[in-house]
Amino acid sequence: MLKIAITGATGLIGTRLVELLSNQFEFIPLLQEEIDITQREVLWQALKNINFDFFLHLAAYTDVDGAEKHKELAEQVNVSGTKNVFEINRRLRKKFIYVSTGFVFNGKKEQAPFTESSLPDPISFYGLTKYEGEKIVKNQAMIIRLDYPYGKSAAQKKDFVHNIIVAFKEGKTLKMVENSTITPTPIDDFVAGLQYLINNYSPEIFHLVGQDSWSPYAIGQMIARNFRFSPDLIEPIAYNSYFKNRAKRPQFSTIKSIKNDFILMKSFADGLKLL
């Protein structure tokens, strides 16, 4: 059984990954409260004494707005931390998988859809730090990008779909952008695709994303219909108005894969039915 050292094991994807694949792989969680990836020597002392085959780097500073305010922290975790774990793994001659994001793209409509061959051009500091992480490992490790994950997860932090459902239950009215797109990624499909890629490892870039892309406003309506809430709880708003004085997000984050011929990713409508 392959042994996988993993950062971010208690996060949204990590918890579900360990839950679904613990009978396929032996996971060795590197918990943030025990091992700080920004402390190179501490990390080295920990990893050199662990017997593992793969290193899966899920951990990241993911607060997009927070990254603009706390650039040093975001850079330490997403860039320096990635450099530390990657260089130590290279020294130990272990296979490495870096999980990245659609936020490395600029989201310009004329350049969408964004595939594995698209050129990154981040427009937020968070996206920039994730792209810097990609550049550290490129051609020497596997890079897997996803966009807006959602699904069943035991993580304390909830995904965007569950946050919307909670708001609906509380009777809150939500303003949701109508002139942009995102590509929701079902976590369970991502995990299934990741299992395949671990077993068929190659130091390339792969996109593991949902089958279709929608505006947040359309997504809100689909969630409302699926869980029998009033669509009147959603109000359309323009992209520029919604993100005024906030970190920029890719406006048209339509992410596709030209390499994924190994796992059929669900549509958003089908993914909602399993929640």
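The values are calculated or read from the model by the stated rules, or taken from the named source; none is laboratory data. Being a predicted model, the structure only gives us computed values, none of them experimental. Virtual Cβ from ideal backbone geometry, glycine too; neighbours counted across all protein chains shown.
Summed over the range 222-252, residues that are within 23 Å of Val104 (Cα to Cα) and either in a helix (DSSP H, G or I) or charged (D, E, K, R) (or both) total 8. State yes or no: is Phe262 in contact with a helix residue (DSSP H, G or I) (Cβ under 8 Å, 6 or more places away or on another chain) and either hydrophobic (A, V, I, L, M, F, W, C) or in contact (Cβ under 8 Å) with a residue 60 or more places away in the chain (or both)? So Phe262 fits the description; yes.
Within the set Ser118, Ser153, the sole residue that is hydroxyl-bearing (Ser, Thr, Tyr), in a loop (DSSP other than H, G, I, E, B) and at pLDDT 95 or above turns out to be Ser118. Could you tell me whether any residue of the range 185-199 is of a type outside the set (Gly, Ala, Ser) and assigned to a loop (DSSP other than H, G, I, E, B)? For the range 185-199, residues of a type outside the set (Gly, Ala, Ser) and assigned to a loop (DSSP other than H, G, I, E, B): absent. Applying the condition of being of a type in the set (A, V, I, L, M) and within 21 Å of the chain's Cα centre (by Cα) to the range 221-252 and asking which residue is nearest to Glu170 (Cα to Cα) yields Ile223. Elements of the type strands (runs of 3 or more DSSP E) sitting completely within the range 2-102 and holding at least 2 residues that are of a type in the set (Phe, Trp, Tyr), at negative phi and at pLDDT 95 or above: these cover 54-57, 95-101. Could you tell me which numbered condition Glu134 fails, if it satisfies all but one of (1) within 18 Å of the chain's Cα centre (by Cα); (2) of a type in the set (Asp, Glu); (3) surrounded by fewer than 18 Cβ atoms within 10 Å (Cβ to Cβ)? The failed condition is (3).
For the range 85-98, the condition of being closer than 21 Å to Arg246 by Cβ and touching a strand residue (DSSP E or B) at 6+ places or on another chain (Cβ under 9 Å) holds for none of the residues.
When Thr38 is tested against (1) closer than 25 Å to Arg246 by Cβ; (2) of a type in the set (S, T, N, Q); (3) touching a helix residue (DSSP H, G or I) at 6+ places or on another chain (Cβ under 6 Å), exactly one condition is not met: (1).
Working only within the range 253-275, note down all residues that are out of contact with any Gly (no Cβ under 9 Å at 6 or more places or on another chain) and either in a helix (DSSP H, G or I) or under 17 Å from Thr173 (Cα atoms) (or both). Of everything in the range 253-275, those that are out of contact with any Gly (no Cβ under 9 Å at 6 or more places or on another chain) and either in a helix (DSSP H, G or I) or under 17 Å from Thr173 (Cα atoms) (or both) turn out to be Ala269, Asp270, Leu272, Lys273.
Starting from residues that are under 15 Å from Thr181 (Cβ atoms) and assigned to a helix (DSSP H, G or I), keep the ones in the range 103-115 and report whichever is farthest from the chain's Cα centre (by Cα). Of everything passing the filter in the range 103-115, Glu110 is farthest from the chain's Cα centre (by Cα). Here Asp212 clears all of (1) surrounded by fewer than 15 Cβ atoms within 10 Å (Cβ to Cβ); (2) of a type in the set (D, E, K, R); (3) touching a residue at least 40 places away in the same chain (Cβ under 8 Å) except the condition numbered (1).
Restricting the range 101-130 to residues that are charged (D, E, K, R) and either in contact (Cβ under 8 Å) with a residue 40 or more places away in the chain or touching a Leu at 6+ places or on another chain (Cβ under 6 Å) (or both), which is nearest to Leu12 (Cα to Cα)? If you could, list the steps in order and put the result at the bottom.
Going residue by residue through the range 101-130, those that are charged (D, E, K, R) are 108-110, 116, 121, 130.
Subset that is either in contact (Cβ under 8 Å) with a residue 40 or more places away in the chain or touching a Leu at 6+ places or on another chain (Cβ under 6 Å) (or both): 108-109, 116, 130.
Working: Lys108: 28, Lys109: 29, Glu116: 23, Lys130: 17 Å.
Across the range 101-130, the extreme among qualifying residues is Lys130.
Would you check which residues across the range 87-100 are crowded, with 18+ Cβ neighbours inside 10 Å and touching a Leu at 6+ places or on another chain (Cβ under 7 Å) and list them? Correct list: Ile88, Ile97, Val99. Between Ile198, Ile164, Ile219, the distinction of being β-branched (Val, Ile, Thr), at negative phi, surrounded by fewer than 23 Cβ atoms within 10 Å (Cβ to Cβ) and touching a residue at least 24 places away in the same chain (Cβ under 8 Å) belongs to Ile198 only.
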